[in-house]
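A.B. asks: Starting off with a structure, shown below.
The values are calculated or read from the model by the stated rules, or taken from the named source; none is laboratory data. Note that the structure is predicted; figures quoted are calculated from it, not measured. Backbone-built Cβ (ideal geometry, glycine too); neighbour counts: all protein chains shown.
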Amino acid sequence: MRDLLGALSRHGIEVGALVHHHKPGMPSSFEKADNIPAWRLEILGHLSFVPIAPTFPKVFLECINNWKPDIIHFHFPNASPFWALGICQAQKIPWIIHWHADVIQSNFNKALKFFYPFYAVPERIFMRKAKVIIATSPDYLRSSKPLADFHDKCVVIPLGIDANRIASPSSSSLKWAEEVWGNASFRILSVGRLSYYKGFDVLIKAASLLPEDVKLHIVGTGYLEQSLKNLTLQMGLENRITFHGYLPEEQLVALFRSCHCFALASIERTEAFGMVLLEAMFHGKPIVASNLEGSGMRWLVKKAQCGLLFEPGNAWDCAEKILWLKNNPGNDLKYGEAGRTFLLRNLLIDHVAEKIMMVYETLR
């Protein structure tokens with residue numbers, strides 16, 4: 001969203017953002033970055049991943065009255081925009097929904113399964129009101145049950161990244177990366193929130209099936225961090241798997257630059273696209289990812305021909321694909337170059353912004 005706002009602004013669109021703070025207790029604030037206004041709202045906590053932001057309707061109405069937008073571009077899933085259904089001023093402005101993911105009635109997360117029926121009713125009303133719904137891949141659009149009755153107002157525009165904000169790592173960061181990889185003959189990197197749907201346990205189990213000189217580095221934080229570390233200890237992999245937690249951008253880029261492949265083992269369509277795959281493609285790294293039906297992640301890897309897909313949740317298959325890359329040097333370059341070429345031609349944020357501007361034009 002940050003990249004998109006910047007690109008739209010460069011193309012002459014006046015943009016602003018109303019978002020939540022990511023942690024409870026952080027006071028509401030206003031900021032301007034690159035001349036783009038952003039209102040960040042305090043949240044009291046989360047109810048099954050839904051941020052509780054009581055001030056949202058008040059600030060939302062103030063933004064409409066003071067800023068007088070021509071279009072309101074909502075990003076879903078998000079419960080806060082449902083307030084717009086009761087705000088007359090909002091009803092007079094065309095709505096666009098950017099559909100990042102379905103709310104999955106998960107077999108792994110019982111709370112989501114319980115609460116979704118309460119979310120689904122206003123969600124459907126909102127979709128009827130919206131003029132356009134942007135889906136991020138044709139596969140996700142085809143497989144989405146909530147979108148099934150609204151294909152007539154859906155368009156597919158993949159996500160993109162601003163390559164200019166990805167800094168080159170310093171020599172000291174690259175040296176640090178070489179040191180933390182140690183004597184690994186093959187280096188696997190995975191990045192993401194340590195959440196149930198990301199499948200990091202599958203990667204850990206796959207690592208146990210690989211030669212001892214293959215190492216896996218995991219970057220990210222989340223509520224499953226301790227349980228994943230415990231699994232690593234139980235399997236005796238503490239010398240082959242490194243948990244970095246949060247890393248500064250420069251060190252993260254250094255790990256991307258120095259790894260042999262990037263792995264994403266997500267097990268549910270909550271992983272709707274896999275933005276982190278774009279970063280791996282930018283750095284020219286082959287991808288090993290779940291062949292998850294209906295996920296944009298599978299569509300992206302196939303479309304770009306930038307890696308290998310394995311059966312979701314299957315650690316043996318994941319390990320086999322990684323081992324094939326390790327034992328067939330040269331293919332990592334082929335997949336990496338294909339991914340980078342596809343990204344530069346199709347998925348830079350300015351390409352995406354131009355397509356979204358065409359959608360805006362239809363609503364003028």
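A.B. asks: When you scan the range 187-219, how many residues do you find that are in contact with a helix residue (DSSP H, G or I) (Cβ under 7 Å, 6 or more places away or on another chain) and assigned to a loop (DSSP other than H, G, I, E, B)?
C.D. replies: Total satisfying the criteria: 4.
A.B. asks: Of the residues Gly294, Gly284, Gly339, which single one is at pLDDT 95 or above and on the phi > 0 side of the Ramachandran plot?
C.D. replies: Matching residue, one of Gly294, Gly284, Gly339: Gly284.
A.B. asks: Filtering the range 22-68 down to residues that are under 24 Å from His11 (Cα atoms) and small (Gly, Ala, Ser), which residue is modelled with the lowest pLDDT?
C.D. replies: Ala33
A.B. asks: May I ask you to verify whether Asp213 is among the charged types (D, E, K, R) and surrounded by 18 or more Cβ atoms within 10 Å (Cβ to Cβ)?
C.D. replies: Spelling it out, it is not the case that Asp213 is among the charged types (D, E, K, R) and surrounded by 18 or more Cβ atoms within 10 Å (Cβ to Cβ).
A.B. asks: Considering the range 271-293 alone, what residues qualify as being in contact with a Ser or Thr (Cβ under 8 Å, 6 or more places away or on another chain), under 19 Å from Val219 (Cα atoms) and not in a strand (DSSP E or B)?
C.D. replies: Residues satisfying the conditions are Glu271, Phe273, Gly274.
A.B. asks: How many residues are among the hydrophobic types (A, V, I, L, M, F, W, C) and exposed (fewer than 14 other Cβ atoms within 10 Å of the Cβ) when one looks only at the range 350-364?
C.D. replies: The qualifying residues number 2.
A.B. asks: Anything in the range 220-270 that is in a loop (DSSP other than H, G, I, E, B), in contact with a His (Cβ under 9 Å, 6 or more places away or on another chain) and surrounded by fewer than 23 Cβ atoms within 10 Å (Cβ to Cβ)? List them, or say none.
C.D. replies: Gly220
A.B. asks: Conditions first: (1) among the aliphatic types (A, V, I, L, M); (2) farther than 29 Å from Arg340 by Cβ; (3) buried (at least 16 other Cβ atoms within 10 Å of the Cβ). Ala184 passes all but one, so which condition is the exception?
C.D. replies: Among (1) among the aliphatic types (A, V, I, L, M); (2) farther than 29 Å from Arg340 by Cβ; (3) buried (at least 16 other Cβ atoms within 10 Å of the Cβ), Ala184 violates only (2).
A.B. asks: Within the range 193-209, is even one residue within 19 Å of Ser290 (Cβ to Cβ), among the aromatic types (Phe, Trp, Tyr) and modelled with pLDDT under 95?
C.D. replies: Yes.
A.B. asks: Considering Phe200, Phe150, which residue is crowded, with 18+ Cβ neighbours inside 10 Å and in contact (Cβ under 8 Å) with a residue 40 or more places away in the chain?
C.D. replies: Phe200
A.B. asks: Which helices (runs of 4 or more DSSP H) does the range 71-184 wholly contain that include 2 or more residues that are in the same structural domain as Ala272 (by TED's automatic domain parsing) and within 30 Å of Glu249 (Cα to Cα)?
C.D. replies: Counting at least 2 such residues, we get 171-181.
A.B. asks: Every residue in the range 1-30 that is more than 24 Å from the chain's Cα centre (by Cα) and in a strand (DSSP E or B), please.
C.D. replies: Listed by number, the residues that qualify are Ser29, Phe30.
A.B. asks: Related question: Out of the residues in the range 124-140 that are among the charged types (D, E, K, R) and surrounded by fewer than 20 Cβ atoms within 10 Å (Cβ to Cβ), which is nearest to Ile161 (Cα to Cα)?
C.D. replies: Lys131
A.B. asks: While we're looking at this one, here's another question. Based on what the data block shows, is Glu225 free of Cβ contacts under 8 Å to residues at least 24 places away in the same chain and among the acidic types (Asp, Glu)?
C.D. replies: Considered against the rule, which asks whether it is free of Cβ contacts under 8 Å to residues at least 24 places away in the same chain and among the acidic types (Asp, Glu), Glu225 comes out as no.
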